[in-house]
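Contents: one structure, followed by commentary.
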Amino acid sequence: MARITLIGAGSQVFAKTIVGDLLSYPALADSELVLMDVDEERLDVTRRAAEAMIDSGGVGATVETTTDRREALDGADYVLTMINVGGTEPFENEIRIPESYGVEQAIGDTLGPGGVFRFLRTVEPMLEIARDMEELCPDAPLLNYTNPMAMLCWAIDEATDIDVVGLCHSVPHTASAIAEYVGVDADDLDYWVAGINHMAWFLRAEVDGEDVLPDLRAAGDDPAIHERDTVRFETQAHFGAFATESSHHLSEYLPYFRTDPETIEAMTGTDYAERMPTATYLEGWKERTRRLEDEGAPFDPEAAEIERSEEYAARIVHSMETGEVRRLNLNVRNDTGAVANLPDDACVEVPCVIDGTGVHPCAVGELPPQLAALCRSNVAVQERAVTAALDRDRDALHQAIKLDPLTAAECTLDEIHAMTEELLAANEAYLPALD
């Protein structure tokens, strides 16, 4: 019987999805589920949903809830993190202050000023979780869903002895998109993908041994299909590979697509997450938050059925509990040299084999040099941000923002310096002190 702890279990839809995934496997259906969050009201909604799933599915799992992190971690076999730190105010600052300098972010959770400052306000709570795990459940893997994925996993790897693995659904989502673009069944698509989180690359994609990447390149030449995923098809045309994050996301990590309103409107379209002009995600997030505050968290016990999603966490737990071998794309430290032309200490997203002994990254070799160069432009920002957080180094923070491709395409060095200082002042209450 596995003891599985979810930190940030008040995350509503996502936490309930993970619970449903876990309960969908007979080998995990008698697990001890420990749900932890600082928001008791939202935590209670997840508890009721989990109990309704257990009842409707007739499974033997048990559910505990707590607002005490150490209580939740004590004796855990697996720890899943899905936390949000700070809420609306710092998030809005991370979008609006750069916007006033001309840096037009779409999401702001992975790279750029938004991603770096989100990392700074999230890294200490994540390190506290990992340090508690060193004491209370040192053998448990930390399965992290919290963004910015690469920076957080890098910092935890660097600063603690906990085995951390980053989980993201961008690879299977992209596989589904590719299958639709080339007219095949996604279940038949076999692929090999590597890079970094939100900027990994489809190096191989086949159906019954037949390469479909030429068909994907041809699909990008069709204006009707190109319009559905503009930035990814443009990037494929110029750099030779299809990226794993949707067009509005990818547009933030490169210097080419978000420096004037016309290009933003024309080039950041995607019908997989609707069109995403500047700050649309922020406004949608604020609206969902207001609705929760006004109406409370929705709960329909009749809809609480056990279903399995494409998320990876339950698959990893199942493989480690049963020994069933799987291959998934996960975010891990590159110290095994999985990607030979990316830094050893970077967090890379690569195929991993999971079995009863754990997670084993596959050797990818070298990425095509142009793809490695695009990844390294992002890794450079991540490295400086991690150094800033772990060493309390204000200069390293400034350097991280100055190295960001989108910010550098829009601002002078003096403007970036001023913007960073403004962000530090605005979000001071949420950030670690820097020297």
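Every number here is computed from the coordinates shown, using simple stated rules; none is lab data. Since this is a predicted model, take the numbers as computed values, not measurements. All Cβ positions, even for glycine, are placed from backbone atoms using ideal geometry, and neighbour counts span all protein chains on display.
Could you list, bin by bin from short to long, the percent of Cα-Cα pairs of the range 81-132 in 10 Å steps?
That works out to 25, 50, 19, 5, 0, in percent per bin.
Pick from VAL379, VAL171, VAL212: which residue has the top mean-square fluctuation in a GNM of the chain where Cα pairs under 10 Å get a spring?
VAL212
Can you give the FRET efficiency to the nearest 0.05 for ASP221 and THR67, using r as the Cβ-Cβ distance and R₀ = 45 Å?
On the way: r = 54 Å, r/R0 = 1.21.
After rounding, the FRET efficiency stands at 0.25.
Distance between Cα centroids, the range 417-434 to the range 173-239: provide it in whole Å.
Measuring centre to centre over Cα atoms gives 39 Å.
Under 10 Å, Cα contacts only: if you run a Gaussian network model on the chain, which one of ASP55, ASP188, ASP139 comes out with the highest mean-square fluctuation?
In this elastic network of the chain, the residue with the biggest mean-square fluctuation among ASP55, ASP188, ASP139 is ASP188.
Quick one: compute the contact order of the chain, relative version, from alpha carbon pairs under 8 angstrom and 6+ residues apart, as a percent. Provide the component values of the computation, followed by the final result.
Values: 871 pairs, mean separation 79.9, N = 435.
So the answer I get is 18 percent.
Packing-wise, with mean Cβ within 10 Å as the measure, how do 16-23, 352-359 rank, highest first?
Working: 16-23: 24.1, 352-359: 15.8.
Going from most to least packed, we get 16-23, 352-359.
Determine which residues of the range 202-218 fall in the zone a paramagnetic label at TRP192 would reach in this model, i.e. backbone nitrogen under 20 Å from the point 7 Å along Cα→Cβ.
Those under the cut-off are 202-217.
Which value at 222 nm does the chain reach when only helices count, each DSSP H run of 4 or more adding -39,500 (n - 2.57), with the total divided by all residues and rounded to the nearest 500 deg cm²/dmol? Let's see the in-between values first.
Numbers: 18 runs with 208 residues, N = 435.
Computed ellipticity for the chain at 222 nm equals -14500 deg cm²/dmol.
Below 8 Å, C-alpha to C-alpha, sequence gap of six or more: please give me the relative contact order for the range 70-147 in percent. Write down the numbers at each step before the final one.
Numbers: 73 pairs, mean separation 42.0, N = 78.
Across the range 70-147, relative contact order equals 54 percent.
How large are Rg and Dmax for the range 161-219 when calculated on the C-alpha trace, in angstrom?
Over the range 161-219's Cα set, Rg and Dmax evaluate to 13.0, 47 Å.
Only Cα pairs under 8 Å and at least 6 apart count here; give the relative contact order of the range 3-166 as a rounded whole percent. Intermediate values should be presented prior to the final figure.
On the way: 285 pairs, mean separation 35.8, N = 164.
This gives 22 percent for the range 3-166.
Suppose we keep just the alpha-carbon trace of the chain; what are its Rg and Dmax in angstrom?
Expressed in Å, the Cα Rg and Dmax of the chain come to 21.1, 62.
Compare ILE225, ILE264, ILE306 in a GNM of the chain, Cα atoms joined below 10 Å, and give the one with the largest fluctuation.
ILE225
Over the Cα atoms of the range 3-166, each weighted equally, I'd like the Debye log10 I(q)/I(0) at q = 0.11, 0.12, 0.14, 0.17 Å⁻¹, rounded to two decimals.
-0.47, -0.56, -0.73, -0.99
Going by average Cβ neighbours within 10 Å, how do the peptides 333-343, 100-110 rank, with the highest at the top?
Details: 333-343: 18.3, 100-110: 22.9.
Packing proxy ranking, top to bottom: 100-110, 333-343.
Show me 144-152, 7-15, 323-331 ranked by packing, highest mean number of other Cβ atoms within 10 Å first. It would help to have the intermediate numbers written out before the result.
Details: 144-152: 26.2, 7-15: 22.6, 323-331: 17.1.
Ranked by mean Cβ neighbours within 10 Å, highest first: 144-152, 7-15, 323-331.
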